[in-house]
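Visitor: The following block contains the structure, expressed as structure tokens.
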Amino acid sequence: MDPLLAKIRAQLPSETLSFGLLVRGEVLKEQLSAFTKLAHVTEESTQKEPGNLLYRFFSSAQDPLAYVLLECWENFPALAAHFEATHFKQFAQGIESLTGERFSVEVLLTFQ
């Protein structure tokens, strides 16, 4: 299992509950245009995936190089399938050169 996926799974009380992810990162200044294009393609494709409830990139009003990705998933298997999708693999491969891998992921649980 992908290490990031395993880290997310470890924070979930159950694989069947819906949850969200809050991803924060910073784009390299010279790569902002390329990142924006890749983010749009990934966003559009991911929103069509079964089990995806929300997948949106935002940039900070104070710092255009800072981005936030909000994701919501029906359950963990839906996220696991996302990690196998071609568009996500392309995004994951391209993101390092665009951001230098500077990002954090916070798991968000729905109120029960």
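The values are calculated or read from the model by the stated rules, or taken from the named source; none is laboratory data. None of the values given here were measured: they were computed from a predicted structure. No Cβ is skipped: glycine too gets one built from the backbone with ideal geometry, and neighbour counts run over all protein chains shown. In case anyone asks, the SASA skips ligands and DNA or RNA and just uses the protein heavy atoms, side chains included. Shrake-Rupley method; radii C 1.70, N 1.55, O 1.52, S 1.80 Å.
Visitor: Which Rg and Dmax, in Å, describe the Cα atoms of the chain?
Guide: Rg, Dmax (Cα atoms, Å): 13.7, 43.
Visitor: Still on this model: Ignoring any ligand, DNA or RNA, what whole percent of the accessible area of the chain comes from carbon and sulfur when the probe is 1.4 angstrom?
Guide: Working: 3750 of 6740 Å².
Here carbon and sulfur together make up 56 percent of the probe-accessible area.
Visitor: Any chance you could run the full-extension gain for Thr16 through Arg56? It's 0.36 nm times the residue separation minus the Cα-Cα distance, nm to one decimal.
Guide: Net length gain for the segment: 12.2 nm.
Visitor: I want to check the label-to-label distance for Leu4 and Lys29. Put each point 7 Å from Cα in the C-beta direction and report it in nm to one decimal.
Guide: Spacing of the two 7 Å Cα→Cβ label points: 2.5 nm.
Visitor: Restricting to DSSP H runs of at least four residues, report the calculated mean residue ellipticity at 222 nm for the chain, -39500 (n - 2.57) per run over all residues, nearest 500 deg cm²/dmol. Kindly include the intermediate steps, with their values, before the conclusion.
Guide: On the way: 4 runs with 46 residues, N = 112.
That calculation yields -12500 deg cm²/dmol at 222 nm.
Visitor: What number comes out for the charge environment of Pro50, summing +1 per Lys or Arg and -1 per Asp or Glu over other residues with Cβ under 14 Å away?
Guide: On the way: positive: Lys48; negative: Glu49, Glu74, Glu84.
Cβ neighbours under 14 Å give a net charge of -2.
Visitor: Pulled fully out, how much extra length does the chain show between Ser97 and Asn75, if you take 0.36 nm times their separation in residues and subtract their Cα-Cα distance?
Guide: On the way: separation 22, 0.36 × 22 = 7.92 nm, distance 3.00 nm.
Value of the extension gain: 4.9 nm.
Visitor: If DNA, RNA and ligands are ignored and the probe is 1.4 Å, what is the ranking of Lys29, Lys7 by accessible area, most exposed first?
Guide: Numbers: Lys29 160, Lys7 130 Å².
Ranking Lys29, Lys7 by accessible area, largest first, yields Lys29, Lys7.
Visitor: At a probe size of 1.4 Å, how large is the accessible area of His40, to the nearest 10 Å²?
Guide: Number for this one is 110 Å².
Visitor: In Å², and per residue, what accessible area does segment 1-84 have when probed at 1.4 Å with the other protein chains present?
Guide: Values: 4750 Å² over 84 residues.
That works out to 57 Å² per residue.
Visitor: Let me ask something else. Find, among the GluC sites (Glu not before Pro) in segment 71-106, those assigned to loop by DSSP (not H, G, I, E, B) with at most 10 other beta-carbon atoms within 10 angstrom.
Guide: On the way: sites: Glu71, Glu74, Glu84, Glu96, Glu101, Glu106; in loops: Glu74, Glu101.
When the GluC sites (Glu not before Pro) of segment 71-106 are filtered for loop state and at most 10 Cβ neighbours within 10 Å, Glu101 remain.
Visitor: Explain nothing, just compute: Karplus ³J(HN,Hα) = 6.51 cos²θ - 1.76 cosθ + 1.60, θ = phi - 60°, for every residue of segment 59-75 in order, whole Hz, x for Gly and Pro.
Guide: 10, 6, 5, 8, 9, x, 8, 8, 10, 10, 10, 9, 10, 9, 10, 4, 6
Visitor: Any idea what angle helix 86-99 forms with the longest principal axis of the chain, computed on alpha-carbon atoms, 0 to 90 degrees, nearest 10?
Guide: Its long axis makes an angle of about 50 degrees.
Visitor: From the P(r) of segment 1-66, can you give the percent of Cα pairs sitting at distances over 16 Å?
Guide: Details: 1295 of 2145 pairs.
The calculated P(r) of segment 1-66 puts 60 percent of pairs beyond 16 Å.
Visitor: Next up: Just to check I understand the Karplus step: with θ = phi - 60° and J = 6.51 cos²θ - 1.76 cosθ + 1.60, what whole-Hz values come out for segment 36-45, glycine and proline as x?
Guide: Using θ = phi - 60°, the values come out as 4, 4, 5, 4, 4, 4, 5, 4, 4, 5 Hz.
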